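The values are calculated or read from the model by the stated rules, or taken from the named source; none is laboratory data. In this text the structure is predicted, and so the values were computed from the model without any measurement. As a convention, Cβ positions derive from the backbone with ideal geometry for all residues, glycine included, and neighbour counts pool all protein chains shown. With ligands, DNA and RNA removed, areas are computed over all heavy atoms of the protein, side chains included. Shrake-Rupley method; radii C 1.70, N 1.55, O 1.52, S 1.80 Å.
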Amino acid sequence: VFSKIFSHEALESYLPKIQLVIKDTLRAWSSNPESINVYHEAQKLTFRMAIRVLLGFRIPDEELNRLFEVYQQFVENVFSLPVDLPFSGYRRGIRARETLQKGLEKAIQEKLQSTQGKDYADALDILIESGKEHGKELTMQELKDGTLELIFAAYATTASASTSLIMQLLKHPRVLEKLREELRSKGILHNGCICEGSLRLDNINSLQYLDCVIKEVLRLFTPISGGYRTVLQTFELDGFQIPKGWSVMYSIRDTHDTAPVFKDVDVFDPDRFGQGRSEDKDGRFHYLPFGGGVRTCLGKHLAKLFLKALAIELASTSRFELATRTFPKITLVPVVHPVDGLKVKFFGLDSNQNEILTGTDAMLGATV
């Protein structure tokens, strides 16, 4: 069922909706007279994408914001020690999950009762249909669990990578300009605006430098540090025997830091993935931001598409600058993110790449 949810056809149908959510978000960021906390806003963005695009819920914005706050409480406490005391994180997490489940149940029921204006099959539709195809209609509890799993999968890691992407574009203006050049050469960006109908899945997949930028963000700032596996057959590693049945952890971050194929590992250099160097092609398990083997991340194509769509919008329709004197330090827990969330001021651009004044700025200008 997940292969259908993240198939080429499904991604093609999600793309216009993803673009719309990103456009609306960047418009809101640019109209804010103050700087924004990118990591917090990226979490809102990926949550909105999961709700609106993946699940097709038509929840009013006010309710969506409330659901987001509840979801944050759930995520913040999901890894708490299981000590069931009245004011423990564990108890707060349980309460947040119950509130979340009620909100999701209401959205699922409304979705099941209304099929009007539906122009694509979202992930939840595919989940429901798959159950019917196998002669097992999913219960409401199963639908809620599946919905929560999809949101969880799309949320934290994509928000982390989105924040890292924005930070690297701020640090490396030449990379941003090279992205713009590629968009112009492919007929996607013209006179400072995205040409109508130019952003199809095949067009985005043909943008080689954009692909290199996203790969490099995920190499240097892999959202999660590693993963767990169960040993299926006893094997030997560096003279040590690892018995069948043991649990082992592999480190994505250490792999990227020590893999001999990567030159100058600490340098942000998208060209390392270009045709001339192709550093990710020299071994099977040197580059694994989404894990590896049969348990590789199922949503990796959706995540990369989302990041590419965000990069295109950032390169085409926004000007943005760091709102602090220096770039923040990075923390790795629970996922990679800047310690201060990354404070950035966004400015909207019109079709001639001129700044659009916010209402407040326009009023101030008129009084001078």
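Things worth noting here:
- Conditions (1) touching a residue at least 40 places away in the same chain (Cβ under 8 Å); (2) in contact with a Leu (Cβ under 6 Å, 6 or more places away or on another chain); number of the one not met by R200: (2)
- Within the range 287-303, being under 21 Å from S164 (Cα atoms) and assigned to a loop (DSSP other than H, G, I, E, B) holds for Y287, L288, P289, F290, G291, C297, G299.
- Close pairs (7 angstrom Cβ cut-off, 6 or more residues apart or separate chains): under 19 Å from L127 (Cα atoms) in the range 6-26, open to solvent by 70 Å² or more (accessible area, probe 1.4 Å) and in a helix (DSSP H, G or I) anywhere: F6/H301; A10/K4; L11/H301
- Restricting the range 120-147 to residues that are among the acidic types (D, E) and in contact (Cβ under 8 Å) with a residue 60 or more places away in the chain leaves a set whose member that is farthest from P60 (Cα to Cα) is D125.
- Pick from the range 221-242, criterion in a loop (DSSP other than H, G, I, E, B) and open to solvent by less than 60 Å² (accessible area, probe 1.4 Å), ranking: farthest from L332 (Cα to Cα): V231
- Verdict on I252 being buried (at least 19 other Cβ atoms within 10 Å of the Cβ) and either in contact with a Ser or Thr (Cβ under 6 Å, 6 or more places away or on another chain) or under 30 Å from L310 (Cβ atoms) (or both): yes
- Near pairs, Cβ below 9 angstrom, 6+ apart or cross-chain, from the range 205-228 (free of Cβ contacts under 8 Å to residues at least 40 places away in the same chain) to any residue that is assigned to a helix (DSSP H, G or I) and not charged (D, E, K, R): N205/L305; G226/I252; G226/T255
- Just so you know, in the range 110-136 the residues that are open to solvent by less than 50 Å² (accessible area, probe 1.4 Å) and either in contact with a Pro (Cβ under 9 Å, 6 or more places away or on another chain) or among the polar types (S, T, N, Q) (or both) include one that is farthest from I18 (Cα to Cα), and it is S130.
- Any chance A121 is among the small types (G, A, S) and assigned to a helix (DSSP H, G or I): no
- Unmet criterion (only one of (1) in contact with a helix residue (DSSP H, G or I) (Cβ under 7 Å, 6 or more places away or on another chain); (2) crowded, with 17+ Cβ neighbours inside 10 Å) for A107: (1)
- Close Cβ contacts (under 8 Å, 6 or more residues apart or on different chains) running from residues in the range 323-350 that are without any contact (Cβ under 8 Å) to a residue 40 or more places away in the chain and open to solvent by less than 30 Å² (accessible area, probe 1.4 Å) to residues that are assigned to a loop (DSSP other than H, G, I, E, B) and among the aliphatic types (A, V, I, L, M) comprise P328/V339; P328/L342.
- The residues on offer are R92, R66, and the sole one that is at pLDDT 90 or above and open to solvent by 70 Å² or more (accessible area, probe 1.4 Å) is R66.
- Number of the condition not met by A303 [criteria: (1) of a type in the set (A, V, I, L, M, F, W, C); (2) open to solvent by 10 Å² or more (accessible area, probe 1.4 Å); (3) farther than 25 Å from Y14 by Cβ]: (3)
- Of the candidates D266, D271, D254, the single residue that is among the acidic types (D, E), in contact with a Gly (Cβ under 9 Å, 6 or more places away or on another chain) and at pLDDT 90 or above is D254.
- Search result, residues across the range 253-270 that are of a type in the set (A, V, I, L, M) and on the phi > 0 side of the Ramachandran plot: none
- In the range 293-320, the residues that are among the hydroxyl-bearing types (S, T, Y) and touching a residue at least 24 places away in the same chain (Cβ under 8 Å): S316, T317, S318
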